[in-house]
Amino acid sequence: MTAPEEWRVTKAAVADAGGVVAAQQVAAARAGARMLAEGGNAVDAAVAAALALAPVEPWMCGLGGSGFLVAWIAAEGRAVALDFQGVLAAGLDPADYPVDEALPRTSMGFPAVRGFANTQGYGAVTVPGAVAGLSLAAARWGRLGFGRLLGPAIDLAETGLPASWYATLVIASEARILARDPVSAAIYLPGGAPLAPGERLRIPGLADTLRTLRDEGPDSFYRGALARRIAADLAAGGSRITAEDLAAYAVADVVPLAADHRGARLHTPGPHSGGLRLADFLAHVAAALADPPERPTPETWEAYAAALEAAWRAHRARMGTLAEVGASTSALAAADAAGNMAAITYTLLDHFGAGVTLPTTGIAMNNAVSYFDPRPGRPTSMAAGARIASSNMCPTVAVRDGRAAFALGASGGDLIMPAVAQIAALMLDFRLSLSEAMHSPRLDASHRGTVRADPRLGPAVLARLAARWPLEVAPNVVMPKLYASPSGVAAEAGGLVGLNDPVLPDGGAAGPSPAE
């Protein structure tokens, strides 16, 4: 494949002894860094950054989303994790989702249903866990309190953020779906055209919703007047989610899944995340590369591809899942001077989720019903009240000698685990810096019939891969996103550093120290 883009993009890692936050939107990274400057820790910074994404990256995540958190709490010497995945309505009726084989499969690889009811519109929404999960993390392990962490998000929602060319591109790519919802169309397609670069992205009602959460607490989202407005909006749109469903929502405490590799222990949020696949990958790599060479070789990349294939083959056998493509997610990571690190990955699932924005609250809603197979009798089949039990999200914290070494996450559906696994392996197998590993040429494999490889890997690597698998040679470009978008922080010899995907235009990192 000839590269459609002729430039090579790099980003400088941000270094700050006081802490660092990396996110897919630099405004969110700065929101987290602001909390570090005000005395918060890594959990505070990660939660503030995650909340700030609601007004500045609403195509990926927000209050209507769900996900995972994993963190290393230095004072306690332990890893912690939360599962705040979505839940189906208690009144869900699978008959509402009849399979239509004439339609293209969903981004999860499952059959589509009549009218795309499991991917578009109010019928595609699950009870969102983001507010419950983020607020619980702040209460348990943060210092500043959830209300204070909402401050940067409120400021961004009030003022709006000028749209970048990348934001315009994302909006344009989903214009057909956004046009179906009058509220979303008014926000993102003013006058019938995508929001132009430089125009301010403002979401009516979102600042007020965030202020309500600050003033009345996160419980208002699930049980207060805010919950009643959310339930009324959902019901008016045709969702079966009720106020009782919101009130019943609970975050799942997770015993972090641990995997050892090259003297480090990597912690992920358990088997319902991508963590089990990461652990399987590392075990295969350790067996194939018992004594890694000085630098990666063609044999190294073959071993990485084989390990990814094996991990994904086992996952697909367990869960009966097919390929997930084009999913929307946001990943961020934070570190502080006290040795804490946190990684959050959360999502609306597809870009703009269900394509609907609640009219009275400004909340973009997920389309996580598509996590479930509409066919009965399968591991992830729909069932009333069921919780999402299979996700690609893979936030990870690595610990060496009792100290957090790095925290990683990524967005991109099936692309997530291969990216996190590759970056972690390069850092542990070859002692690469975060920047070196993040800028490394990529490969992607997920037992889908082909292996994808960045041409920057070079002819020798490509030839070795092609001798074993059908090979797609594709560069890592802005769009289409054929490799995941990672964010990471690390403790290195020079201090704490953070970096977001070098080819993601709006992503970045920030620290609490004043800019020079």
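Quick notes
- Restricting the calculation to Cα atoms, the stretch 1-158 shows an Rg/Rh of 1.07 when the hydrodynamic-style radius is the Kirkwood one.
- Estimated vicinal HN-Hα couplings, Hz - the stretch 344-358 in sequence order (Karplus 6.51, -1.76, 1.60; Gly, Pro = x): 10, 10, 8, 7, 9, 5, 7, 3, 6, x, 6, x, 10, 10, 5
- Cut-off 14 Å, label 7 Å out along Cα→Cβ of LEU103, residues of the stretch 374-416 by amide N: 374-375
- Span-like helix ranges in the chain, DSSP H, alpha carbon extent 30 angstrom or more, Kyte mean at least -1.0: 298-319
- Between THR360 and ALA466, the FRET efficiency from the beta-carbon distance, with R0 = 60 Å, is close to 0.65.
- Net dipole in debye of the chain [+1 Lys, Arg Cβ; -1 Asp, Glu Cβ; about Cα centre; nearest 20]: 400
- Selection of trypsin sites (Lys or Arg not before Pro), the stretch 410-461, meeting DSSP coil and at most 14 other Cβ within 10 Å: ARG431
- Rounded if a/c under 1.5, otherwise prolate or oblate - the stretch 179-248, Cα gyration tensor axes: oblate
- Computed FRET value (nearest 0.05) for ASP260 with ALA139, which takes r as the C-beta separation and R₀ as 35 Å: 0.70
- Å³ per residue enclosed by the Cα convex hull of the stretch 408-471: 90
- For the stretch 304-395, trypsin sites (Lys or Arg not before Pro) meeting the loop criterion (DSSP other than H, G, I, E, B) and having at most 14 other Cβ atoms within 10 Å: none.
- Ranking of LYS11, LYS481 by neighbouring Cβ atoms within 10 Å, starting from the fewest: LYS11, LYS481.
- In this structure the amide hydrogen of ARG202, modeled in the peptide plane, comes within under 5 Å of no amide hydrogen from residues 5 or more places off or on another chain.
- Each peptide among 489-499, 228-238 gets the average number of other Cβ atoms lying within 10 Å of its residues, and from highest to lowest they stand as 489-499, 228-238.
- Think of the chain as a dipole: +1 on every Lys or Arg Cβ, -1 on every Asp or Glu Cβ, centred on the Cα centre; then among LEU289, VAL489, PRO111, PRO111 lies furthest on the positive end.
- Ordering of 259-269, 37-47 by packing [mean C-beta count within 10 Å, highest first]: 37-47, 259-269
- The stretch 36-77 versus the stretch 215-283: alpha-carbon centroid distance in Å: 13
- Packing-based ranking, highest mean first, of 376-382, 502-508 given that Cβ atoms within 10 Å are counted: 502-508, 376-382
- Extent along principal axes [Cα atoms of the stretch 100-233; Å; largest to smallest]: 51, 36, 28
- The chain: calculated mean residue ellipticity at 222 nm from DSSP helix runs of at least 4, using -39500 (n - 2.57): -9500 deg cm²/dmol
Any read-out appearing in this document is the output of simple, stated calculations on the displayed coordinates, not a laboratory observation. On a predicted model such as this, the values are computed, not experimentally measured, just so you know. Cβ coordinates were reconstructed from backbone atoms using ideal geometry, including for glycine residues, and neighbour counts include every protein chain displayed.
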